[in-house]
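Read through the structure below, which is laid out as structure tokens, and then see the notes.
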Amino acid sequence: MKTTIVMVSVLIGAGAVPAGAQQTAVNDRVVKGLPTRYVAPECGIKPGHFKVSSGATYLKTGVETELPENRNRALSSGKKVLLEAIEKNGQEKNPAAWYYLGRTYLQEGDLVGADSSLTKAETLMPACKEDISKTRYTGWVPLVNGGIDFVKKQNNDSALALFRQANTIYRDKPSAYLNAGVIFANTGQTDSAIAYWEKASEIGERTNMVEDRNVATRNLGAMYQKAGRHQDAVKVLEKYLTWVPQDAEVKRALATSYRATGQNDKAAALEKEVGVAPGAGAPSPAAASAGAMNAAIGFYNEKKYDQAAAAFEQIVAKEPYNRDALYGLANSYIGLKNGPKLAEAAGRLAEIEPYNDEIVRMLANGQRMAKKEAQANKTATRVLSMPVSVTVSQFAPTAEGASITGTATGREAQTASGKPVTPAAMTLMFEFLDTKGTVVASQEVQIPALKVGASQPIQASAKGAGIVAWRYKKV
């Protein structure tokens, strides 16, 4: 059964950190990715003490001021006065003191301090759970997006570091666990993949994030089978089929685990319905594709760029709309310093995701290496004028349809003459494709006018059989 590769740890506990023992590890990625507009809590939390009120004021100033030195000064003053209130003025049971302290730590990029303080605040005032969850989420987004970018660049160690940090501050979405599990699975670390996908499946089910839940649970069943844990595989795959009852590949996999656990009658019933699972000598097309991708990625990681390019070329020949294979092919050409081939592969990628600034820069680089200066300059101007960068973090096909999640982030766009481009709303049309590139279904997604650095989640879904790829365009 195919393990879905998404271009999308142990849960870190959270007791209150003693103020004097706090060891700060600043996360600049979080600091730069947080909103620049202060949002007051909506849960009715009250300062209850003048120093806590001062801490809240300093926090608002730190969030909204544009000068870095003023920002740092305000946050430092706010943290100091809040710690004084907790340690010296009897406010250790005041949820507002911990709440504003946690938000201040987050603004400074201190994930551990933010996690522990916000956990303490929620314990003291459960009514603020939703507000606190929203605060945590703002710190989670830049970490997950950064991790996904590293995955696309096949920098797995850096990706895992960011996914673990993301899980430190926020644990109510499965994406970080799901993507980390894929890395572990692709590097043969079965036990770690199982641990992460167990968590991703649990979170997806608890929060009713259907597509992530389905992908994580399906992958988990496959990994249980790989580990020889067929009893566990039976439970997981049976649950999955209550959600996606038409997935014939999973039914064949479940029949295999039924036979491994002596449930031959159940296995026979499924095999009568959908056929026997392919044997080792006859892998399914999906399994063959996944194996070819893993082999190509392996060549690339070993810096065998010629072999990697050849492997990716074979995949793209069979699956011309396979975005991940095209991305691997383009990067292999970078390793080979083959400008014309890079421009060709990056051009095909840019047709799939025209507002991914990394892809368009790659295209300009290929054109320049191929000494196509006029084309390279035109493409560079295109990058310069892009008002947003759109990153697709997950494509999750199922037997009945598919879904896409991603993020749009505002850019500092300007014209070729250097004149700033005012942010404006736009509409993207996401198209879901079959193996021949035929559009099975499509959905429009609205992108609001985004200031520089501001982000907007993207979600699109479609119903229809045979969806294997995607692309989008501005309408």
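The values are calculated or read from the model by the stated rules, or taken from the named source; none is laboratory data. If you're wondering where the values come from, they're calculated on a predicted model, not measured in any experiment. In this analysis, Cβ positions are derived from the backbone assuming ideal geometry, glycine residues included, and neighbour counts consider all displayed protein chains. The area values use the complete protein model at the heavy-atom level, side chains included, leaving out ligands, DNA and RNA. Shrake-Rupley method; radii C 1.70, N 1.55, O 1.52, S 1.80 Å.
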Percent of alpha-carbon pairs separated by more than 24 Å within the stretch 303-455 = 41
Highest average packing first - 239-248, 103-112, Cβ atoms within 10 Å | 103-112, 239-248
Just how large is the dipole of the chain about the Cα centre, in debye to the nearest 20, putting +1 at every Lys and Arg Cβ and -1 at every Asp and Glu Cβ?
-> 700
Signed unit charges on C-beta, dipole axis of the chain, positive-most listed residue ASN301, PHE395, THR119 = ASN301
By how many nm would the segment from ALA425 to LEU67 grow when fully extended, if each residue of separation counts as 0.36 nm and the alpha-carbon distance is taken off?
-> 126.1 nm
Long pairs among LYS153/LYS419; LYS134/LYS463; LYS32/LYS134, criterion Cα-Cα beyond 22 Å = LYS153/LYS419; LYS134/LYS463
Per residue, how much accessible area does the stretch 132-280 have with a 1.4 Å probe, in Å²?
-> 39
Let me have the 222 nm mean residue ellipticity of the chain computed from DSSP H runs of 4+ only, each contributing -39500 (n - 2.57), with the sum over all residues rounded to the nearest 500.
-> -19000 deg cm²/dmol
Averaged per residue, what accessible area in Å² does the stretch 296-450 show with a 1.4 Å probe, protein chains only?
-> 45
Could you estimate the translational diffusion coefficient of the stretch 81-238 from the Stokes-Einstein equation, with Rh from the Kirkwood formula over C-alpha pairs, at 25 °C and 0.890 mPa s, in whole µm²/s?
-> 145
Excluding residues on the same chain fewer than 8 positions from LYS51, give the lysines whose Cα lies under 22 Å from its Cα.
-> LYS60, LYS79, LYS80, LYS88, LYS93, LYS120
Expressed as a percent, the accessible surface of the chain that is carbon or sulfur, using a 1.4 Å probe and the full set of protein chains, is 51
Net charge near SER54 (other residues with Cβ under 12 Å of its Cβ; Lys, Arg +1; Asp, Glu -1) is +3
Farthest toward positive dipole pole in the chain [+1 Lys/Arg, -1 Asp/Glu at C-beta], among ALA325, THR190, ALA180 | ALA325
Output ³J(HN,Hα) for the stretch 180-190: one whole-Hz value per residue in order, computed from phi by the Karplus curve 6.51 cos²θ - 1.76 cosθ + 1.60 with θ = phi - 60°, and x for Gly and Pro.
-> 5, x, 4, 4, 5, 5, 6, 10, x, 9, 4
Radius of gyration and Dmax over the Cα atoms of the stretch 46-111, both given in Å | 11.0, 34
Which Rg and Dmax, in Å, describe the Cα atoms of the stretch 409-461?
-> 15.0, 43
What value does the chain have for Rg/Rh, both radii from Cα atoms and Rh as Kirkwood defines it?
-> 1.01
